[in-house]
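Read the figures in this text as sums done on the coordinates, not as results from a lab. Computed from a predicted model, the values in this text were never measured in an experiment. Ideal geometry is used to build each Cβ from the backbone, glycine not excepted, and the neighbour counts take in all protein chains shown.
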Amino acid sequence: MNSRQAQQALRVTRQIQGKGHALHKVTHPATPVAAVVDTGTRLTPVANAAAVGSHRHPLANQHANARLAHCEESVKGRFEAIPPALQAIAGLHLGAGFSTQAQAIAETQLGYRLPERILNDAWVSGVDMKALYAYCTFQALKLATEQFANDLRQQVEAVQDTRNFFLDCGFHAVDISPCADGRLKGLMRYILRLPLTSLTRRKAYAGALFDVETDVRHWVTTELRRFREGVPTTVDAGTRYLKIAVYHTSSSSPCHEGCAAHGSNDHQAVAAALDRLNQFRQAIENSFCCGASTDILLIGVDTDTDAIRVHIPDGEGALSPQRFVDNKVLYHATLGLSADQAGLVVHKAVETAINQHGWGTGQGAPHDGMRRLVTNLLINNLSQMDYVMDLHNGQYADIGHAERYINVGDGFEEVQIRNVAYYAHLHTLEEGVADMDVGIKIFKGLNVTHGLPVPIAIHYRYDARVPGSRERTVAKAQRVAAAIRNRYAALVEQGLLYCHLSVQDAPTGSPVEVVEDVA
């Protein structure tokens, strides 16, 4: 199955359009441009579609695109099958045989059975569709997690290659903090095409405003392990810790569909992310006198097209909002070239940005490893741009929010699909209340206005090597759930907020252990 065929299959399953997932009332039965790239050029979505025609990019990995399209089809298809199935159940007569008929519909359309208690009690006051919707959402999440975990186990070679590439570039750790927006949920697997490795860490925060103190502690843990165990490199290896922040914009609706945490103000999103990166680097230098071993990188994502904009450090490691390479420009500049020619243009664009004059002028060039990493990220992203061009005519139909659930805690790092989940990273509600409030606001528009509940998946990881870790993690999940239910009590009382609690051992791909379900 090629990527277009996979997407066609996906579209067949999409019965519900728009941002909401409401249960409706049921009744029975181009010409290539020159290879001289201006990194400040802006192209409109209409121009994108016209320019690409039936072409495919010479550097795009079509095999990977087809595999990812199949993955998107299966994962999103599970969520999108929920409303039609529940609509069919809502149309059944609540008499003898209702439960049997409802289970038959669920098994046929969803692939799993529904809670008997909810179905058996339906004759009293009707079917609790809100509870069923939440239950089905969490079941779809469970199946997606299992699918991704199985897929990860088949990517051993790719994971090792990526790990070796980071080390060859001089990085012993890569810590990525994207915005918590669900449109960036596929950042690693799709947009950047980076598999999860032992060197990478991804934690999302509203507005990419990561917690500096938490990340400094992670830096300390990483460096201590290098000192004590020599893993992944020894302290004299000269490798660096790389911190990346990822903000996002919307090229077609910048004033409305940009980052909600920054009021869709692109300049504020860039400035805030850059400020956090500088704070992190300064904190390391002030506390440990070794800022030279820490690199920072800023990446922007146009969530309409998944095109990235990479802000390139100078020779001192400093970043500038004005010094970047826009991959949307590169895509169109290299579309009609050979693979070798296109690769050369990408390399030249990076060098042009490094040596630019004016507002973005820097102090020399970054080290070779950083240049290699930036070039590799740009080339990887060309495959994703080709994916969006081929399957979505150059721009996603859902340029705004279309998440299915809120993920609270450590996150299901295995599940990496665009617009599936809004992520709130927190250990207590108090410290993450801003992230949660943004998420609830989003889901009031997506679900609550249609009478559907807000599904919240509370998920934390524990370390099985540490005595009592699982018990403490379970207690933390229960404590956070109680705090969420208390803060949003009005939604809970109306049956418009449901929590699902689970824990998982630290290694990626470990089984998810359910602590509390809907039924």
Per the helix-only model, the chain has a calculated mean residue ellipticity at 222 nm (DSSP H runs of ≥4, -39500 (n - 2.57) each, divided over all residues, rounded to the nearest 500) of -14500 deg cm²/dmol
Rough spin-label spacing in nm, given labels placed 7 Å along Cα→Cβ, for residue 357 and residue 516 | 6.4 nm
List, in order, the whole-Hz ³J(HN,Hα) value for each residue of the range 409-423 obtained from phi through the Karplus relation with A = 6.51, B = -1.76, C = 1.60 and θ = phi - 60°; use x for Gly and Pro.
-> x, 7, x, 8, 5, 5, 8, 10, 9, 4, 6, 9, 9, 8, 10
Calculate, in nm to one decimal, what residue 96 and residue 267 gain on full extension: separation in residues at 0.36 nm each, minus their alpha carbon distance.
-> 55.5 nm
Residues with amide H under 5 Å of residue 394's amide H, sequence separation 5 or more or different chain, H placed in the peptide plane at 1.01 Å from N; which?
-> 389
Label point 7 Å beyond Cα of residue 231 along Cβ direction - residues of the range 458-487 with amide nitrogen under 13 Å = 465
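Which value, in debye to the nearest 20, gives the size of the charge dipole of the range 155-392 about its Cα centre, when Lys and Arg are +1 and Asp and Glu are -1 at the Cβ? Provide the component values of the computation, followed by the final result.
On the way: 22 positive and 27 negative charges, 78 e Å.
So the dipole magnitude of the range 155-392 works out to roughly 380 debye.
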When Rg is the radius of gyration of the Cα atoms in the chain and Rh is its Kirkwood radius, what does Rg/Rh come to?
-> 0.98
If every Lys and Arg gets +1 and every Asp and Glu gets -1 at its Cβ, then about the Cα centre the range 195-316 yields a dipole, in debye to the nearest 20, of 480 debye
Putting +1 on Lys and Arg Cβ atoms and -1 on Asp and Glu Cβ atoms, find which of 258, 231, 241 reaches farthest to the positive end of the dipole of the range 196-288.
-> 231
In whole Å and largest first, what semi-axes does the C-alpha gyration tensor of the range 282-417 yield when each eigenvalue is scaled by 5 and square-rooted?
-> 28, 24, 13
Placing +1 on each Lys and Arg Cβ and -1 on each Asp and Glu Cβ in the chain, then taking the dipole about the Cα centre, the residue among 407, 111, 212 whose Cα reaches farthest towards the positive end is 111
Inverse of <1/r> over all distinct C-alpha pairs of the range 52-191, i.e. the Kirkwood Rh in Å, gives 18.7 Å
Could you work out the local net charge near residue 396, counting Lys and Arg as +1, Asp and Glu as -1, over the other residues with Cβ closer than 11 Å to its Cβ?
-> -3
List, largest first, the extents of the alpha carbons of the range 169-210 along their principal axes, each in whole Å.
-> 29, 21, 15
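Starting from the Cα coordinates of the range 155-392, work out the convex hull volume and express it per residue in Å³.
Roughly 128 Å³ of hull volume per residue.
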Please find the FRET efficiency linking residue 316 to residue 397, where r is the Cβ-Cβ separation and R0 is fixed at 41 Å, and quote it to the nearest 0.05.
-> 0.45
Which ordering of 449, 200 is given by a fewest-first count of other beta-carbon atoms within 10 Å?
-> 449, 200
Based on the Cβ-Cβ distance of residue 63 and residue 466, what FRET efficiency does E = 1/(1 + (r/R0)^6) give at R0 = 41 Å, to the nearest 0.05?
-> 0.50
